[in-house]
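Participant: Structure incoming, see below.
The values are calculated or read from the model by the stated rules, or taken from the named source; none is laboratory data. Everything numeric here is computed off the predicted structure, so don't read it as measured data. Because the Cβ atoms are built from the backbone with ideal geometry, glycine has one as well, and the counts that use them run over all protein chains shown.
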């Protein structure tokens, strides 16, 4: 049959707007705005709205938020008007396999989503309500579009090495990279591939699991080629109800009936940019909703479930991956969403069931986008994040610093995107104990956006404290209360609530010790920046030398430690109360049955043998004066608990797991004993870290396998560790109600780690919790 090659009447407008998005992704936001300005069609209005939205989200500037709302409202109105009046449709003519006007429905749903998210930036209750209403509206739209575009469910994605059967000509601004073999919307919808190639050389291998013959309709099971992939793990853990909506797909190798959308191929339509937008936009919107809702805290999930939202993370990742293979603008945004998701999981989950493959998939997505827009700040950012996750922090710092250098052509670039580079750079410098540079980077952040200057100053003050620059640290601390009081809308952010409590705590400690009230920095003994860095999991992604430097710093504080380790004996033996260590060991040995209920069941035979459990012996002195009359650095349970937590985390980083469990157990004990008054977040975080340490220890032991054990033994060890970690996560959540500082962050971390545990169970064929 002859092919229908008549250009779509809306294709020219779309391609023009696509050129503008190309400028945006290449960091030239001024050129993008210039191209979008002056056009009143939904494509160009959406472009202006997206520019303003990104500036608003990244910069938190009130005036930009207002402009974003204005532009997006215009786009929403225009797309609704165009859809209703049938702009581009001609009576008796068919230009596409899709119903006429679907492109306007996609844009309308996009505008509604972005408008809703813009309302939430205000952090007001009304803003949140408006956001929920908008999301509910958009969710209905994308669900309807999904059923139209994918009536038989999502297809699998072919290997990048597969030759496309039909391909729309690439536009100049969004041409796909040479190493990404683009598959057209026609053939991708009819795809029968069982997943991406499993070749080790393929950076994107292991994306998706296949639906195998002989499996019940909709059941998703790993195959030998992709079963170990990150996406296959998510799909293996997906719920049955969601899986049932995904029927088994056509596979030519098995002679099954074709995908329902094969019908369009017989009609002879060839995909163009409008079809790309429809397929990619639908997959993006549907995937984004599923992913966002799946990541909400459990309490919020209950609310959105009441509103009718259903979510399936496996389906979300599949939809976003399909969209990311497209040349359409939505494909780039899908890639950005996936990068953000992988980056968050790698940074905050504490442990990944297959970290190496996750990094490989992450790198593959970044490669695909960065090859098109090498100057784009957001791709440079993710390149640096990958290096950080691969334990190459200095290389990551160089990538960011190079990305922030002035451009040779004088292009000012995308200031709000550059701000993200500064933010990542600041945390990396702090993580590497490059405190002076880190302080400068965090102060620089106050020049780039309006989000919580108080938080930036608090971290910068901590950096100056760490290098002994007390005057500058005090100066910055004195500035913070005024910055927080000027917060937009009068609502403190969670970090600001935390900081206000810490400032009051420092002042009270200084008064208790009889010091100058104006110099309360003198009462600080644990670096505030390092304490806040716990919530960003900074200490888990540092090298061994840096972790040991932290151990030396924290171990040197008084009172002396009654827990020790090989690292501490090498770095700060003078600050170990060896008599106290002995008493603690004896006390724990006498209560071994109690300790075994909360600690790993492995038999300790190392340096800490006999006492690595929750510390039930005499606690360090709670008085302000140590034996001999010296004033203690840490004269209260709050600070002692934070020190124990930091020492536990750093020992976990250097793979000294017995000591890690001992210190983390001490942090829990101090809170259980009622000695933690302000830092009530410590107990929950400590239980979480104990769960992570338990899993990582088994992984570490298996890699070494000095015990010479077989697969059956290690499966049993994994089952024990995963069960123990799950129990510890329950305890973490029990200690983290909404009243606890930054509890929602811990809630999200627990959720991510539970998903990783579930994925590991699937890979080991372990049933039950």
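Participant: For residue 462, are the conditions met, namely being at pLDDT 95 or above and in a loop (DSSP other than H, G, I, E, B)?
Facilitator: No; evaluated as a whole, the condition is false for this residue.
Participant: When you check residue 515 against the structure, is it part of a helix (DSSP H, G or I) and in the same structural domain as residue 388 (by TED's automatic domain parsing), yes or no?
Facilitator: Details: part of a helix (DSSP H, G or I): no; in the same structural domain as residue 388 (by TED's automatic domain parsing): yes.
No: the conditions fail for residue 515.
Participant: Do we find that residue 715 is out of contact with any strand residue (DSSP E or B) (no Cβ under 8 Å at 6 or more places or on another chain) and buried (at least 18 other Cβ atoms within 10 Å of the Cβ) in this structure? I'd like the intermediate steps shown before the answer.
Facilitator: Values: out of contact with any strand residue (DSSP E or B) (no Cβ under 8 Å at 6 or more places or on another chain): yes; buried (at least 18 other Cβ atoms within 10 Å of the Cβ): no.
Answer is no for this residue.
Participant: Just to check your reading of the model, which residue among 394, 437, 424 is part of a helix (DSSP H, G or I) and free of Cβ contacts under 8 Å to residues at least 12 places away in the same chain?
Facilitator: Numbers: 394 fails: free of Cβ contacts under 8 Å to residues at least 12 places away in the same chain; 424 fails: free of Cβ contacts under 8 Å to residues at least 12 places away in the same chain.
Just a single option satisfies the conditions, and that option is 437.
Participant: If you check residue 544 against the conditions, is it in contact (Cβ under 8 Å) with a residue 12 or more places away in the chain and assigned by TED's automatic domain parsing to the domain that holds residue 636?
Facilitator: Yes; evaluated as a whole, the condition is true for this residue.
Participant: Going by the conditions given, is residue 591 modelled with pLDDT under 90 and more than 25 Å from residue 681 (Cβ to Cβ)? Talk me through it step by step, then tell me what you get.
Facilitator: Details: modelled with pLDDT under 90: yes; more than 25 Å from residue 681 (Cβ to Cβ): yes.
Against the criterion (modelled with pLDDT under 90 and more than 25 Å from residue 681 (Cβ to Cβ)), residue 591 qualifies.
Participant: Consider residue 33 against the criteria (1) at pLDDT 85 or above; (2) buried (at least 22 other Cβ atoms within 10 Å of the Cβ); (3) not in a loop (DSSP other than H, G, I, E, B): it satisfies all of them except one. Which criterion is unmet?
Facilitator: (2)
Participant: Output the number of the condition that residue 322 fails; it satisfies all remaining conditions of (1) touching a residue at least 60 places away in the same chain (Cβ under 8 Å); (2) surrounded by fewer than 24 Cβ atoms within 10 Å (Cβ to Cβ).
Facilitator: The single condition residue 322 does not satisfy is (2).
Participant: Only one of (1) modelled with pLDDT of 95 or more; (2) out of contact with any helix residue (DSSP H, G or I) (no Cβ under 9 Å at 6 or more places or on another chain) fails for residue 665. Which number is that?
Facilitator: (2)
Participant: Going by the conditions given, is residue 475 free of Cβ contacts under 8 Å to residues at least 24 places away in the same chain, in a helix (DSSP H, G or I) and farther than 22 Å from residue 527 by Cβ? It would help to see each step written out before you state the result.
Facilitator: Values: free of Cβ contacts under 8 Å to residues at least 24 places away in the same chain: yes; in a helix (DSSP H, G or I): yes; farther than 22 Å from residue 527 by Cβ: no.
Answer is no for this residue.
Participant: Further, regarding this structure: Do we have any residue at all in the stretch 750-765 that's within 13 Å of residue 691 (Cα to Cα) and without any contact (Cβ under 8 Å) to a residue 40 or more places away in the chain?
Facilitator: Within the stretch 750-765 (the criterion being within 13 Å of residue 691 (Cα to Cα) and without any contact (Cβ under 8 Å) to a residue 40 or more places away in the chain), the answer is yes, since at least one residue qualifies.
Participant: Quick check on my filter: what residues within the stretch 146-179 are modelled with pLDDT of 50 or more and over 28 Å from the mean Cα position of the chain (by Cα)?
Facilitator: Result: 147, 148, 149, 150, 151, 152.
Participant: Sort through 740, 692, 750, 765 and tell me the only one that's over 20 Å from the mean Cα position of the chain (by Cα) and under 20 Å from residue 348 (Cα atoms). Show your work before the answer.
Facilitator: Working: 692 fails: over 20 Å from the mean Cα position of the chain (by Cα); 750 fails: over 20 Å from the mean Cα position of the chain (by Cα); 765 fails: under 20 Å from residue 348 (Cα atoms).
Just one listed residue meets the conditions, 740.
Participant: Hey, among the residues in the stretch 729-749 that are free of Cβ contacts under 8 Å to residues at least 60 places away in the same chain and buried (at least 21 other Cβ atoms within 10 Å of the Cβ), which one's nearest to residue 497 (Cα to Cα)?
Facilitator: 736
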